[in-house]
Amino acid sequence: MARTVVKTRRIGGSLMVTIPREVVEQEDIREGELLEVEVRKARRSFFGITPGIGPFTREDEMTDHD
């Protein structure tokens, strides 16, 4: 079973996805075959969204102001 993340496209009133060539070849999929498809939204990773900001340090910690 191949796993891949693909982007949807609107065609008319429907959303379409394309099976990547690598998956087609790996699974030996032919035109006209019936496929079982499981649909789940991919979780977005926000890792690296703020380049240049280093890791949280002890100096960054907020302290009480007296």
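Scanning region 24-66 for residues that are within 19 Å of the chain's Cα centre (by Cα) and of a type in the set (S, T, N, Q) yields Ser45, Thr50. Contact map, region 14-29: first residue touching a residue at least 12 places away in the same chain (Cβ under 8 Å) and exposed (fewer than 13 other Cβ atoms within 10 Å of the Cβ), second residue of a type in the set (D, E, K, R) and not in a loop (DSSP other than H, G, I, E, B), Cβ cut-off under 9 Å, separation 6 or more or different chains; pairs are Thr18/Arg9.
If the condition is being outside any loop (DSSP other than H, G, I, E, B) and within 17 Å of Val5 (Cβ to Cβ), then region 25-48 contributes Gln26, Glu27.
Go through region 1-24 and give me each residue that's of a type outside the set (Val, Ile, Thr) and not in a loop (DSSP other than H, G, I, E, B). Before you say what the answer is, go through the steps one by one.
Restricting attention to region 1-24, the residues satisfying the condition of being of a type outside the set (Val, Ile, Thr) are 1-3, 7, 9-10, 12-16, 20-22.
Passing the criteria: Arg9, Arg10, Ser14, Leu15, Met16, Arg21, Glu22.
Is it true that Ile11 is surrounded by 10 or more Cβ atoms within 10 Å (Cβ to Cβ) and more than 14 Å from the chain's Cα centre (by Cα)? When the stated conditions are applied, Ile11 does not pass them.
Laboratory data are not the source of any read-out in this text; all were calculated from the coordinates shown. Note that this is a predicted model, so its numbers are computed, not measured. Heads up, the Cβs are rebuilt from the backbone with ideal geometry, glycines too, and the neighbour counts pull from every protein chain shown.
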